[in-house]
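Presented below is the structure to which this report refers.
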Amino acid sequence: VHSCNTLLGVLLKSNHVQLCWKFYQQMSRNGISPNIYTKNMIIHALCKAGNVEEAERVLLEMEEKGWEGPDVVSYTTVVDGYCRKGEVEKAFEIVEKMKKKQIEPNVVTYSALIGALCKQRNVLEAEKLLKEMRKSGVDADKVAYATVIDAFCKLGKLAEAGRLADEMVQKGLIPNVVVYNTLLHGLCRKGKMKKAGELFQEMQRRKLVPDMITYTTVIDGYCKEGNMHEAFRLHNEMVEK
RNA sequence: GCCUAGAUACUU
């Protein structure tokens, strides 16, 4: 099963969703019984294919069997599936159901919901949930923060984004490359290239290594400003590495 | 048990 799951994982990451399903059936035919990892990946594959209803059916099937029931990953995957479809109501319903089954949502579950609210531009609700999850004993992590920070950036509310970034640091969470990339993108799309340049320096002072996304974000910003000089300079710097 | 779930750019 381990090796089968490894292969399933590769197929899943490369978006070969159809093959995932075929391989899964092949497994059963060969008498290999899927474990929780297998089922969770199948649920994920169905969600990626846009077939969240079918994914939920697999989840229900797992619930039927009292033993080897679904875990927090199974539920969270379906929650995320509905979130991506924009069916936030359904997502919250699944969360209620998992709570009833004594499976507590974790930080990933909450992040998925927060992400869905952000996509609907409901940043206020998103931030509310970010705060409320702690009352359920779940601490927000970098991903949860970055999700809301990004939403504020995309709405052009850079002050709010910065406020959350500070708050995150206060909680002892060290901003990673993604958080910097998110803030950089917010600055770049507003044409604040001076500040973007400073932040780009700052992240490196903090020993973070700019990745491809960092470079494309900042290069794009300089291009739109017509500063081809800086754009090419960074491009060369990127290629050097 | 790094066999499974959540965040960022460009392009489309």
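Does residue A:113 satisfy the condition of being more than 24 Å from residue A:214 (Cβ to Cβ) and touching a helix residue (DSSP H, G or I) at 6+ places or on another chain (Cβ under 7 Å)?
Values: more than 24 Å from residue A:214 (Cβ to Cβ): yes; touching a helix residue (DSSP H, G or I) at 6+ places or on another chain (Cβ under 7 Å): yes.
It is true that residue A:113 is more than 24 Å from residue A:214 (Cβ to Cβ) and touching a helix residue (DSSP H, G or I) at 6+ places or on another chain (Cβ under 7 Å).
Would you check if there is a residue in region A:162-170 being among the small types (Gly, Ala, Ser), within 13 Å of RNA strand B (Cβ to nearest atom) and at pLDDT 95 or above?
If we filter region A:162-170 for residues that are among the small types (Gly, Ala, Ser), which is where we start, we get A:162, A:165.
Applying the additional criterion that residues be within 13 Å of RNA strand B (Cβ to nearest atom) yields A:165.
Next, only the ones that are at pLDDT 95 or above stay: A:165.
Yes.
Assuming residue A:174 fulfils every condition listed in (1) within 13 Å of RNA strand B (Cβ to nearest atom); (2) surrounded by 17 or more Cβ atoms within 10 Å (Cβ to Cβ); (3) within 19 Å of residue A:214 (Cα to Cα) apart from one, which condition is it?
(2)
Specify the residue that is nearest to RNA strand B (Cβ to nearest atom); the eligible residues are those in region A:83-142 that are among the basic types (Lys, Arg) and within 19 Å of residue A:59 (Cβ to Cβ). Please lay out each step first, then the result.
Residues of region A:83-142 that are among the basic types (Lys, Arg), as a first pass: A:84-85, A:90, A:97, A:99-101, A:119, A:121, A:128, A:131, A:134-135, A:142.
Okay, now just the ones that are also within 19 Å of residue A:59 (Cβ to Cβ), so A:84-85, A:90, A:97, A:99-101.
Working: A:84: 8, A:85: 13, A:90: 15, A:97: 15, A:99: 14, A:100: 18, A:101: 15 Å.
That would be A:84.
Within region A:116-137, how many residues are within 23 Å of residue A:51 (Cβ to Cβ) and either surrounded by fewer than 20 Cβ atoms within 10 Å (Cβ to Cβ) or among the polar types (S, T, N, Q) (or both)?
Number satisfying all stated conditions: 2.
At pLDDT 95 or above, within 15 Å of RNA strand B (Cβ to nearest atom), surrounded by 15 or more Cβ atoms within 10 Å (Cβ to Cβ) and under 25 Å from the mean Cα position of the chain (by Cα): which single residue out of A:145, A:222 fits that description?
A:145
Looking at region A:70-86, which of the residues that are of a type in the set (Gly, Ala, Ser) and part of a helix (DSSP H, G or I) is surrounded by the fewest Cβ atoms within 10 Å (Cβ to Cβ)?
A:74
Going through A:217, A:182 one at a time, which residue ends up being within 11 Å of RNA strand B (Cβ to nearest atom) and closer than 20 Å to residue A:123 by Cα?
Answer to the check: A:182.
Of the conditions (1) more than 14 Å from RNA strand B (Cβ to nearest atom); (2) farther than 17 Å from residue A:77 by Cα; (3) of a type in the set (A, V, I, L, M), residue A:60 satisfies every one except a single condition; which number is it?
In the conditions (1) more than 14 Å from RNA strand B (Cβ to nearest atom); (2) farther than 17 Å from residue A:77 by Cα; (3) of a type in the set (A, V, I, L, M), residue A:60 misses (2) alone.
Looking at this structure, is residue A:31 more than 10 Å from RNA strand B (Cβ to nearest atom), more than 19 Å from residue A:8 (Cβ to Cβ) and exposed (fewer than 14 other Cβ atoms within 10 Å of the Cβ)?
Taking the combined requirement at face value, the residue does not satisfy it.
Where in region A:1-65 are the helices (runs of 4 or more DSSP H), entirely inside, with at least 3 residues that are more than 22 Å from residue A:83 (Cα to Cα)?
A:2-13, A:17-29
The values are calculated or read from the model by the stated rules, or taken from the named source; none is laboratory data. From a predicted model like this one, the values you see are computed outputs, not experimental measurements. Virtual Cβ from ideal backbone geometry, glycine too; neighbours counted across all protein chains shown.
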